[in-house]
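Here the structure is laid out as structure tokens; the discussion comes afterwards.
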Amino acid sequence: MKSRLFLKFLLLLLVTSLSVVILMGVAMQFFVYRNFSDYVVQQELDSLDGLAQVLSLEYQKSDSWEKFRKNLRRWHDMVNRYFPASEFHLPPPPRK
């Protein structure tokens, strides 16, 4: 009789412990994924801010995008400086 009660308590303890470990794993995975996504988005926004500031200064110098339109290599170099690992197709410089 005592051993049956002991086995029931042991089984209950094991199931409870396993449930807690699984729930902790799921919660950690969820929060790590969400926070990592937020981090990646923030890094991209910071890069975009830097690119926007540099492009704004370049535009203010000549009041046009002509130097980028005439020299696409310069445009690509400017964008690649802030997004070196980008695999997307770079759009051409904006038209005025």
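Of note:
- Sole exception among (1) touching a residue at least 12 places away in the same chain (Cβ under 8 Å); (2) touching an Asp or Glu at 6+ places or on another chain (Cβ under 9 Å) for GLU58, by number: (2)
- Criterion: modelled with pLDDT of 85 or more, within 28 Å of the chain's Cα centre (by Cα) and among the hydrophobic types (A, V, I, L, M, F, W, C) - qualifying residue of PHE83, PHE30, PHE9: PHE30
- Taken over the range 1-59, the criterion of being surrounded by 10 or more Cβ atoms within 10 Å (Cβ to Cβ) and basic (Lys, Arg) is satisfied by LYS8, ARG34.
- Within the range 45-72, tally of residues that are assigned to a helix (DSSP H, G or I), out of contact with any Pro (no Cβ under 6 Å at 6 or more places or on another chain) and under 20 Å from PHE83 (Cα atoms): 16
The values are calculated or read from the model by the stated rules, or taken from the named source; none is laboratory data. Predicted, not measured: the structure shown is a model, and the values here were computed from it. Backbone-built Cβ (ideal geometry, glycine too); neighbour counts: all protein chains shown.
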